[in-house]
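What follows is one structure encoded as structure tokens, with my remarks underneath.
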Amino acid sequence: MKDYIFRFPSKQIAEQFALANNFAEFDECSGSITPLLESEYCINEIGPHNGENYWILFRDLVGIPIPAGGEAFIYWASDWSVLDEDGQEIPIPRPEDDPDVPNVFWA
């Protein structure tokens with residue numbers, strides 16, 4: 001399981017990305033775009049935060065490959081790490097105290 005925080009420049013770009021990669025569908029009856037409910041992932045739409053950016057929490061349950069171009073929108077991933085001064089790999093914590101990032105947790 002891997003968690004991602006995605007930051008898109010706008011809601012429209014987030015929706016286009018989701019539609020293009022089959023994470024959402026357009027409902028012709030309501031005229032809205034809704035996330036697809038899948039057993040392979042969970043999506044939590046955060047929405048706008050501190051300006052135009054549109055934020056999404058995405059939980060990958062099975063190891064879905066990042067769609068082409070998706071890396072550009074990843075703000076943080078739970079498997080990111082850095083090496084400490086002893087050369088040991090340590091995880092990069094979720095940016096909970098960064099005021100530019102929404103502080104929303106999984107329910």
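The values are calculated or read from the model by the stated rules, or taken from the named source; none is laboratory data. Owing to the predicted nature of the structure, the values given are computational and were not obtained by experimental measurement. Cβ sites come from the backbone with ideal geometry, for glycine too, and all protein chains shown count toward neighbours.
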Tell me yes or no: at least one residue of the range 13-29 is in contact with a Phe, Trp or Tyr (Cβ under 9 Å, 6 or more places away or on another chain), at pLDDT 90 or above and closer than 16 Å to residue 102 by Cβ.
yes
Between residues in the range 84-103 that are over 20 Å from residue 7 (Cα atoms) and residues that are of a type outside the set (Lys, Arg) and in a loop (DSSP other than H, G, I, E, B), which pairs lie under 6 Å by C-beta distance while being six or more apart or on different chains?
90/84
Could you go through the range 79-86 and let me know if any residue there is touching a Lys or Arg at 6+ places or on another chain (Cβ under 8 Å) and within 20 Å of residue 14 (Cα to Cα).
no
Subset of the range 77-102 [within 23 Å of residue 51 (Cβ to Cβ) and modelled with pLDDT under 95]:
94, 95, 96, 97, 98, 99, 100, 101, 102
Among (1) part of a strand (DSSP E or B); (2) surrounded by 15 or more Cβ atoms within 10 Å (Cβ to Cβ), residue 94 falls short only on (1)
Scanning the range 1-36 residue by residue, those surrounded by 13 or more Cβ atoms within 10 Å (Cβ to Cβ), assigned to a helix (DSSP H, G or I) and without any contact (Cβ under 8 Å) to a residue 40 or more places away in the chain turn out to be 15, 16, 18, 19
Under the condition of being surrounded by 13 or more Cβ atoms within 10 Å (Cβ to Cβ) and among the aliphatic types (A, V, I, L, M), which residue from the range 37-62 is farthest from residue 103 (Cα to Cα)?
43
